[in-house]
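Visitor: Dropping a structure here in structure tokens format, bear with me for questions.
The values are calculated or read from the model by the stated rules, or taken from the named source; none is laboratory data. Nothing here was measured: the structure is a model prediction, and the numbers come from that model. Note that we place each Cβ from the backbone using ideal geometry, even for glycine, and neighbour counts take in every protein chain shown.
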Amino acid sequence: MSHLKSAILLLAVISHYASADCGCNKLDRDAAAPKTTRQEQTEQQVCQQQTHNKNKHYRDYYAELEPEIEGMSLIPGGSLHIGTNEPHFEADHESPERVVKVQDFYLDKHEVSNANFAKFTEQINYKTEAERFGDSFLFKTLLTPEQQTELEDYRVVNALWWYKVKGVSWRKPNGINSNLQGLEQHPVVHVSWRDAVAYCTWAGKRLPSESEWEVACRGGKQRKLYPWGNKLMPKDQHWLNIWQGEFPDGNTQQDGYQFTCPVNEFRQNNYDLYNMVGNVWEWTADLWQAGDTSESPARVKKGGSYLCHKSYCYRYRCAARSQNTEDSSAGNLGFRCAKNA
């Protein structure tokens, strides 16, 4: 019987590797735990829209535009390409390439940091869904071997490097004994889609649509893989925080980071945007499946994370996409806000 059990586990692992998926899209509470009564969320407020300099665009791809709103970049709209005709993951619906019309909008230059999220929670006494549920998903390398053994029954099916850990939240992002000391300018993680919406509403902003996010990611360039172009390491320099080495063990940290990096570490395009790809996944406003009216529908997330690697989870491309349910949270999932121009 023990041999049969081992064979089944090995088959599950091999099957998962064949799918080329880091398992980030499987971290859904609906699939991993019994349903919990949802507490009332902060209602969305109507954002005050700015009309000043509505049609002002970047002079060209290489000129800096003086910020109109502190910490945000003005992203020129228009009829622009998103998606790709050369998809790497058919199931993610990366294709086809298509033209979308986008209005000018503002986007945060950086992912929302722990320091800024702390101001939000303190001002309105907000508790995240991970805090209310009492747990969140943590990657294996943040757990000791003893903890991994203790929690082996709480691993995610077909993504055995993800563990559901009690007591983990944005305040304790790297484990129950961790804290935010030294991580104030790192991106907030373990936040659900609803938490992100609540923060953006508090800040007088909103989540970007998937189209807006991708247009901003491309930085004014058409049909490019990354925010800066098609070459992963121009001038042999690291332009993003992703996994180096063999996944899921042995991150060599050649980019300087084992886990998240500060939100202002990697400037990636001429819109003055940082960490659009790599570092942490970012929530967008869009439903994964149009018309989904379930209690906790899946929402689109973009950008990949520090756990991505080309040989396994090549999703740190502008066209790449994935999803999680609205109430899901994990140690590599954050967000940034947008605002109408």
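Visitor: Within segment 80-89, count every residue that is touching a Lys or Arg at 6+ places or on another chain (Cβ under 7 Å) and not in a loop (DSSP other than H, G, I, E, B).
Guide: 2
Visitor: Let me ask you something else. Which residue pairs have Cβ atoms closer than 9 Å, lie 6 or more positions apart in sequence or on different chains, and pair a first residue in segment 136-154 that is more than 13 Å from GLY175 (Cα to Cα) with a second residue that is assigned to a loop (DSSP other than H, G, I, E, B)?
Guide: Between residues of segment 136-154 that are more than 13 Å from GLY175 (Cα to Cα) and residues that are assigned to a loop (DSSP other than H, G, I, E, B), the close pairs are GLU150/LEU143.
Visitor: For VAL277, state whether it is modelled with pLDDT of 95 or more, touching a strand residue (DSSP E or B) at 6+ places or on another chain (Cβ under 6 Å) and surrounded by 24 or more Cβ atoms within 10 Å (Cβ to Cβ).
Guide: No; evaluated as a whole, the condition is false for this residue.
Visitor: Just to confirm my filter: which strands (runs of 3 or more DSSP E) fall fully inside segment 90-189 and include at least 1 residues that are loosely packed, with under 15 Cβ neighbours inside 10 Å and under 21 Å from the mean Cα position of the chain (by Cα)?
Guide: none
Visitor: For residues in segment 46-89 being among the charged types (D, E, K, R), exposed (fewer than 11 other Cβ atoms within 10 Å of the Cβ) and more than 26 Å from the chain's Cα centre (by Cα), which is modelled with the lowest pLDDT?
Guide: ARG59
Okay, residues lined up against (1) in contact (Cβ under 8 Å) with a residue 24 or more places away in the chain; (2) in contact with a strand residue (DSSP E or B) (Cβ under 8 Å, 6 or more places away or on another chain); (3) under 25 Å from ASN324 (Cα atoms):
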position: SER192; (1), (2), (3): yes, no, yes
position: LYS205; (1), (2), (3): yes, yes, yes
position: VAL215; (1), (2), (3): yes, yes, yes
position: GLN222; (1), (2), (3): yes, yes, no
position: THR252; (1), (2), (3): no, yes, no
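Visitor: Give the residues of segment 254-275 that are of a type in the set (A, V, I, L, M, F, W, C) and under 15 Å from ASN332 (Cβ atoms), sorted by residue number.
Guide: PHE259, CYS261, VAL263
Visitor: Report, ordered by the first and then the second residue, all pairs with beta carbons closer than 7 Å, sequence separation of six or more or different chains, a first member in segment 173-188 that is without any contact (Cβ under 8 Å) to a residue 60 or more places away in the chain, and a second member that is of a type in the set (A, V, I, L, M, F, W, C) and not in a loop (DSSP other than H, G, I, E, B).
Guide: The qualifying pairs are GLY175/LEU138; GLY175/LEU142; ILE176/VAL165.
Visitor: Would you say GLN253 is assigned to a loop (DSSP other than H, G, I, E, B) and under 21 Å from VAL188 (Cα atoms)?
Guide: In short, yes.
Visitor: Additional query: Is there a residue in segment 231-240 that is under 20 Å from SER113 (Cα atoms) and in a loop (DSSP other than H, G, I, E, B)?
Guide: Checked against the condition, which is being under 20 Å from SER113 (Cα atoms) and in a loop (DSSP other than H, G, I, E, B), segment 231-240 yields at least one hit.
Visitor: For segment 217-227, which residues satisfy the criterion of being buried (at least 21 other Cβ atoms within 10 Å of the Cβ) and either in contact with a Phe, Trp or Tyr (Cβ under 6 Å, 6 or more places away or on another chain) or of a type in the set (Lys, Arg) (or both)?
Guide: Result: ARG218, GLY219.
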